Structures are given as structure tokens and as C-alpha cells.
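Below: the structure, in C-alpha cells.
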Amino acid sequence: MTYTDYIGQTGIIVRKYDQNNQQVGSDENLSWAQVGVGAEFAEKSWSYTIPDDGNTNCRYEFTYYTKVDVSAQNGNTAVQNYVSDDYYHQAGEQIIVEPGTGKIEIDKQLVGTPTRENMSWSVTLTVPPGGLNKAVLTDTLPKIDHSGLKFHDTLKAGTLQISGLVKGTENYKIRETSDKFVITFYEDSTNNCSCQFYRHY
């Protein structure tokens with residue numbers, strides 16, 4: 001998750017209010033450099049020193065905008081933003097940000113017309129825009145024992161086809177057992193990874 005206060009903004013807006021909640025003067029627009037943030041935005045916080053003008057019965061309001069990138073998150077993400085002063089006071093809030101279109105999705109569809117012996121399936125794993133370092137897809141093959149008869153699915157050798165990977169940077173490994181197969185994808189991708197396979201009865 002990426003959380004930054006600086007994207008798309010030039011700094012912060014400072015407003016001062018008197019004891020009657022009336023604004024004193026006009027807005028003070030400060031650049032990020034004026035509150036301790038460098039040109040590369042490497043800092044994750046900013047600071048402001050209240051002027052010592054003798055007027056203690058007042059309040060200051062600071063306005064700035066934030067942007068949260070949760071495209072690589074698979075699920076809701078808690079985002080916190082807190083402020084503190086030199087007198088050990090602290091305040092802030094936590095919000096929950098939904099991944100939206102950036103979440104991981106999986107879809108499985110029957111391909112073509114099945115026969116008594118074979119069925120073809122297609123599985124699509126949608127990777128969020130932020131990519132994934134690793135993804136594991138597991139397909140458990142159904143099996144039924146009824147009245148002395150065995151109805152067990154098996155993966156037909158040589159029928160597994162995988163597409164959507166970036167050549168030279170992404171790869172996968174397949175592990176098969178008697179009741180399932182597991183595909184492990186490596187590196188990251190902004191594309192969909194599709195695999196097509198046949199079950200044999």
C-alpha cells in the first residue's frame with residue numbers, strides 16, 4: 001500500500017480563527033518546502049510552528065489532501081492519519097479503503113461441450129494493477145464413490161495451457177497430487193493469467 005499526502009497538491013492551507021470562531025486574516029498557503037517536505041517527497045510527515053504573536057486564545061486549521069494507492073491490496077485496507085504537538089497531545093482517524101477494481105478475482109468457466117469422458121475448463125486469475133510477487137492457484141478435483149463405483153476426475157496429461165504471462169520475467173510451476181493440482185505463478189503482472197485444462201473421467 002502507498003500512502004502519500006503530497007500527490008497533486010502544492011502544499012497546505014493554514015487558517016487562523018479567533019475566540020468567536022471568526023477567521024483572522026486570509027488563508028496562508030504554504031508550499032511543502034515551507035513545512036519540511038523536500039522536492040522528492042521522501043518525507044512521510046510535515047510540521048508547522050505556531051507563530052508567537054501573543055494571542056493564545058485562538059485556533060488553527062490545516063487543510064491538505066491525501067491519496068491512497070491500494071491497487072495491490074486484496075481486500076479492505078485500514079488507513080491511519082494522526083497529528084501530534086509538543087505537549088504530547090495526539091488526534092487522528094482511521095478509515096477503511098476498499099480495493100475497488102484493484103482486487104484479485106478468479107473466474108472458472110466450462111469450455112465447449114462436455115462428453116462422457118472429457119470436460120474442458122478455463123480459469124482466469126485477474127491480477128490487480130499493482131501486481132503480485134506470487135500467486136497460487138489450486139484446483140481440487142472432485143471424486144464420488146457410489147454403490148461400488150468410482151467417479152474420480154483426473155488431469156489429462158499434456159492438456160494444461162497457460163497464457164497471459166510476461167515472457168522472460170514471469171514463470172510458473174505445477175504440482176499434481178491424486179486429488180488436485182497447484183499452479184504457482186512467480187513475479188508480478190498487470191495482465192490476466194489464464195489456464196485451460198481438461199478433466200478426464
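The values are calculated or read from the model by the stated rules, or taken from the named source; none is laboratory data. In this text the structure is predicted, and so the values were computed from the model without any measurement. Every residue, glycine as well, gets a Cβ built from its backbone with ideal geometry; the counts of neighbours run over all protein chains shown.
Filter the stretch 143-162 for residues that are surrounded by fewer than 10 Cβ atoms within 10 Å (Cβ to Cβ) and either of a type in the set (Lys, Arg) or assigned to a loop (DSSP other than H, G, I, E, B) (or both) and give the result. Matches in the stretch 143-162: Ser147, Gly148, Lys150, Ala157, Gly158. All conditions in (1) among the hydroxyl-bearing types (Ser, Thr, Tyr); (2) over 30 Å from Ile174 (Cα atoms); (3) at pLDDT 85 or above; (4) not in a strand (DSSP E or B) hold for Thr113, with the sole exception of (2).
Assess whether Gly54 counts as being modelled with pLDDT under 85 and within 30 Å of Glu98 (Cβ to Cβ).
Details: modelled with pLDDT under 85: yes; within 30 Å of Glu98 (Cβ to Cβ): no.
Here the answer is no, as Gly54 does not meet what is asked.
Counting only residues that are free of Cβ contacts under 8 Å to residues at least 12 places away in the same chain and either aromatic (Phe, Trp, Tyr) or surrounded by 10 or more Cβ atoms within 10 Å (Cβ to Cβ) (or both), the stretch 56-72 holds 0 of them.
Just one of the listed residues (Gly92, Gly75) is over 20 Å from the mean Cα position of the chain (by Cα) and either surrounded by fewer than 11 Cβ atoms within 10 Å (Cβ to Cβ) or modelled with pLDDT of 85 or more (or both), namely Gly92. Of all the criteria given as (1) of a type in the set (Val, Ile, Thr); (2) outside any strand (DSSP E or B); (3) in contact with an Asp or Glu (Cβ under 8 Å, 6 or more places away or on another chain), the one not satisfied by Thr56 is (3). Just one of the listed residues (Leu165, Leu125, Leu137) is of a type outside the set (Phe, Trp, Tyr), outside any strand (DSSP E or B) and touching a strand residue (DSSP E or B) at 6+ places or on another chain (Cβ under 8 Å), and it is Leu165.
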